[in-house]
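Peer 1: First, the structure itself, so that you have it in front of you.
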Amino acid sequence: MTLTELRYLVALAETGHFRRAAEQCNVSQPTLSIAIKKLEEELGISLFERGRHQVATTPTGALIVEQARTVLRDIQSLYKLADLGKDPAGSMLSVGAIYTVGPYLFPRLVARMQQLAPRMPLFIEESYTFDLRAKLGGGELDAIFVALPFTEPDVVTRTLYDEPFVVLLPQGHPLAEQSHIDPGALAAHRVLLLGEGHCFREQVLESCPGLQQAIRERSARGDAIVEGSSLETLKHMVASGLGVTVLPKLAAKEATYEQANVVFRPFREPAPKRSIALAWRVSYPRTEAIDMLIDALRQN
């Protein structure tokens, strides 16, 4: 049984006439007749009742014709999927990002991708690194934006940019008088951090000498340790005068409050920073789509 025979079968059922079916299939009438006869012999039943001027399907033949239509539709769907594979920008791309990157990266990324690949919509997800890692490995996400270091078997990473950290202070805070802040100086002040699970929290603790020890000592004295669920939440708390915080520069560029409320200060060189990378599976076939994603981010 071949796909060609199934096409002849459906054509004959639709036209009810050998000659018209042959014309529809662009073959000679004897060719179509022989193919139908061969199919009937293979199945061991008669598919059609043959009259002098008309052909009609038998009851069983009608069921087989309907199944043949389903098979041909499914085959057509396979060809369409293959066509999508030939056009890497012709279908959705699933992209994830850690919480401290997504809100500040995706707005410009989506706008640029609309220009570069308007037929490739982005499915976007924000989460913790460990969750994104699992979804990338499981095929739920095609690529993820993470902070380095990030190692995973059979995963490729490409560094996109380095992002320095800055300090956000309430207006009038003693550290606001300095043009550049020593990372070690933060240990003497109340520093607002993200909650457990955020990789940026650990990066801040590692970058500011004495900060982790100072937090432990405050906790031992019974002082409340203030944490936020997002960088935007930390901004709100700083603006209210609750303390100071450290932000990646991209998040600092997003103005939430007027200068009357808060001020930003860079760190003294060498300033703490993080590297943001794009990660995807080695086996992922749409490498051109990944390249488009990278190109979109590197546009000025």
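Coordinate-derived values only; no laboratory data. Since the model is a prediction, treat every value here as computed from it, not as a measurement. Every residue, glycine among them, receives a Cβ derived from its backbone with ideal geometry; neighbour counts consider all protein chains shown.
Peer 1: How far apart, in nm, are two points set 7 Å out from the Cα along the Cα-to-Cβ line at Glu217 and at Val282?
Peer 2: Spacing of the two 7 Å Cα→Cβ label points: 4.8 nm.
Peer 1: Taking the convex hull of the Cα atoms, report for the stretch 1-153 its projected area averaged over all directions, in nm².
Peer 2: Dividing the Cα hull surface by four gives the mean projection, 14.3 nm².
Peer 1: Taking the highest mean first, how do the peptides 213-220, 123-130, 98-105, 237-244 order by number of other beta carbon atoms within 10 angstrom per residue?
Peer 2: Highest-to-lowest ranking by the protection proxy: 98-105, 237-244, 123-130, 213-220.
Peer 1: Using packing as a proxy for protection, rank 22-34, 39-51 so that the peptide with the highest average count of other Cβ atoms within 10 Å comes first.
Peer 2: Ranking the peptides 22-34, 39-51 by packing returns 22-34, 39-51.
Peer 1: Taking Rh as the Kirkwood radius, which is the inverse of the mean 1/r over Cα pairs, what is the Rg/Rh value for the chain?
Peer 2: Result for the chain is an Rg/Rh of 1.32.
Peer 1: Explain nothing, just the number: relative contact order of the chain, from Cα pairs under 8 Å at least 6 residues apart, as a whole percent.
Peer 2: 22
Peer 1: Rank Ala188, Ala277, Ala11 by mean-square fluctuation in a GNM of the chain with C-alpha springs under 10 angstrom and give only the top-ranked residue.
Peer 2: Among Ala188, Ala277, Ala11, the largest GNM mean-square fluctuation belongs to Ala11.
Peer 1: For the stretch 123-253, what mean projected area does the convex hull of the alpha carbons give, in nm²?
Peer 2: 9.5
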